[in-house]
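The values are calculated or read from the model by the stated rules, or taken from the named source; none is laboratory data. Keep in mind that this is a model prediction, so the values were computed, not measured. Reconstructed Cβ throughout: ideal geometry from the backbone, glycine too, with neighbour counts over all protein chains shown. With ligands, DNA and RNA removed, areas are computed over all heavy atoms of the protein, side chains included. Shrake-Rupley method; radii C 1.70, N 1.55, O 1.52, S 1.80 Å.
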Amino acid sequence: MIWKEMEDYVRIFDTTLRDGEQCPGAAMSEDEKVEIAGHLARMKVDIIEAGFPVSSPVQFKAVERIAREIEGPTICGLARALRPDLEAARDALKPAKSKRIHTFIASSPIHMKHKLGKSPKEVLEMARIAVRMAKDFVPDVEFSPEDATRSEWEFLRELVEAVIEEGATTINIPDTVGYTTPQEYMDLFRFLKEKVKGADKVIFSAHCHNDLGLAVANSLATVLAGGRQIECTINGIGERAGNTAMEEVVMALKTRKDTFGVETKIDSTLITRGSHLVKTITGMVVQPNKAIVGANAFAHESGIHQDGVIKNRQTYEIMTPESVGLKSNRMVLGRHSGRAGFKDRIIRMGFDPKPEEIDNAYNRFLEIADKKKEVFDEDIAALFQSEISRSQVDETYRLLSFEQNTGSDKTPFAKVNLQSKGEIKTGEAKGDGPVDSIFKAISSVTGLSPLLSRLVVSPVTEGTDAMAEASVTLEEGERRVVGKGDSTDIIEACAKAYINALNRL
């Protein structure tokens, strides 16, 4: 048994890079996955599910690179109960110092009949063979009976008992379609822990989806029933309504230790930084009223609330902003803030900047400070993250300037000046709207017109002078890329994001 399994704490199994990426539009490049994995390691996540190696050469390479470059957490690869999947996971995980194979097979009647076309007996045998094979490859094997919460409990007991006999070290009980309720899920965990032979030798894990808005509640319920691993994603991103939100689970266990009796090993002061990183990379906007990491999570507008917080923060705050990596008051920088102060602020926010990134970000900061009355921490984080993203891509094209002509009785027209290999190239076009016209003007220069499948624009802070972040998803054949851009001008932010995406292509 692995030594960490002997300790009584809740392991955080982060699947942002695997299940989270299955969220429509949440494409990540290889470099971006490694960047997120690095932050997860700094947060002290126990297990990182880096991907599904057999699904594509791109997935395989990303998992292999994370296994080679990221130290600290156990690196995990997902595999169906099939030999090619298991061998691909084994090969991709070879460089990792601590590795896990996570294999699964459906166990509910509806999945076995309509998806697999297999009998319960056949599924049982496939599970046995898969875990036995995975155990030959790595010492740490996790098994999941897919759609467990709609499975027959007695068959589930038999299946779990069988894979424990074959050497599984973690048993994950997934609520694949977000169907269960806290009490029901808790009862299932208790049943398995009491009835399964060998249950005391493994860690039981929860993996919940949020279709009924119960993912976090369901996951926490299993802790009360003896579950000691929760599978989750940053910001709760994932298929359909998403997965269990890591930040909510971590802070619930930390804030209500009186109820749960155990915590995680996560450095919660890095939560906000991680949330912003994932939001920027995926383009998935975090709703303002989102627990823990939403813009309004620590905001107080009611006069009664403000008065109470001023007198004693505990009147309306059950946790401190500092505990998740926020300052209690926004720090405002301006045009006259020096480079040293700017660099200090970047480091305090959890970034590990390179000298050239500081220089470029500081110049961007000065540009923004000329346009905004106040530059907040959120603005600085956004522009610095944008600079990191931009520096990871060869800038075949760069926006120098643009002109826009639009109105209620005019056909939108845009003109752009782009720099490419030392030359300045000009393009112009009309379009259905301001954004459409500037995208077409850019395409007239680059000669590229991929499918635009997604455009998201969101403000970083409040006010009419707020900086905007834009995320553009482009598709060309089987390739999909996400570009980011930011500016106090929405059109400019969109143009930068579009060019960033084209450079990635």
Report task. Output yes when any residue across region 343-353 is touching a helix residue (DSSP H, G or I) at 6+ places or on another chain (Cβ under 6 Å), open to solvent by 40 Å² or more (accessible area, probe 1.4 Å), of a type in the set (D, E, K, R) and at pLDDT 75 or above, and no when none is. Result -> yes
Query raised in the report: Of these, D394, D379, which one is surrounded by 20 or more Cβ atoms within 10 Å (Cβ to Cβ), of a type in the set (D, E, K, R) and in contact with a helix residue (DSSP H, G or I) (Cβ under 7 Å, 6 or more places away or on another chain)?
Result: D379
Query raised in the report: Only one of A495, A470, A466, A501 is open to solvent by less than 20 Å² (accessible area, probe 1.4 Å), assigned to a strand (DSSP E or B) and aliphatic (A, V, I, L, M); which?
Result: A470
Requested in this report: May I ask you to list the residues in region 119-156 that are assigned to a helix (DSSP H, G or I), open to solvent by 10 Å² or more (accessible area, probe 1.4 Å) and within 14 Å of A106 (Cα to Cα)?
Outcome: P120, K121, E122, L124, E125, M126, R128, T149, R150, W153, F155
Requested in this report: State the number of residues belonging to region 315-340 that are at pLDDT 70 or above, exposed (fewer than 12 other Cβ atoms within 10 Å of the Cβ) and over 23 Å from V250 (Cα atoms).
Outcome: 2
**Report entry** From R42, R80, R90, residue being more than 24 Å from I129 (Cα to Cα), at pLDDT 95 or above and either open to solvent by 50 Å² or more (accessible area, probe 1.4 Å) or among the charged types (D, E, K, R) (or both)
**Finding:** R42
Query raised in the report: Just a yes or no: is a residue in region 98-115 within 26 Å of D46 (Cα to Cα), in a helix (DSSP H, G or I), touching a strand residue (DSSP E or B) at 6+ places or on another chain (Cβ under 7 Å) and not aliphatic (A, V, I, L, M)?
Result: no
**Report entry** Residues satisfying the stated conditions in region 22-38, i.e. buried (at least 21 other Cβ atoms within 10 Å of the Cβ), in contact (Cβ under 8 Å) with a residue 60 or more places away in the chain and in a helix (DSSP H, G or I)
**Finding:** E32, I36
Report summary line: In region 180-207, residues that are outside any loop (DSSP other than H, G, I, E, B) and more than 15 Å from R11 (Cα to Cα) total 17
Query raised in the report: Taking the condition buried (at least 24 other Cβ atoms within 10 Å of the Cβ) and within 27 Å of R504 (Cα to Cα), does E64 pass?
Result: no
Report summary line: Inside region 256-270, the number of residues satisfying the requirement of being open to solvent by less than 50 Å² (accessible area, probe 1.4 Å), assigned to a helix (DSSP H, G or I) and under 15 Å from S323 (Cα atoms) is 2
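Okay, residues lined up against (1) of a type in the set (D, E); (2) within 25 Å of I101 (Cβ to Cβ):
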| residue | (1), (2) |
| --- | --- |
| E158 | yes, yes |
| F191 | no, no |
| V196 | no, yes |
| D200 | yes, yes |
| S205 | no, yes |
| T222 | no, yes |
| G227 | no, yes |
| I234 | no, yes |
Report task. Return yes when S437 is surrounded by 19 or more Cβ atoms within 10 Å (Cβ to Cβ), within 23 Å of V286 (Cβ to Cβ) and of a type in the set (S, T, Y) and no when it is not. Result -> no
Query raised in the report: List pairs: first in region 97-113 and under 18 Å from T149 (Cβ atoms) and touching a residue at least 12 places away in the same chain (Cβ under 8 Å), second open to solvent by 40 Å² or more (accessible area, probe 1.4 Å) and part of a strand (DSSP E or B), Cβ under 8 Å, 6+ apart or cross-chain?
Result: F104/R80; I105/R80
Query raised in the report: Of G485, G477, which residue is in contact with a Cys (Cβ under 9 Å, 6 or more places away or on another chain) and not hydrophobic (A, V, I, L, M, F, W, C)?
Result: G485
Query raised in the report: For region 442-459, which residues satisfy the criterion of being among the small types (G, A, S) and closer than 16 Å to A470 by Cβ?
Result: S453, S458
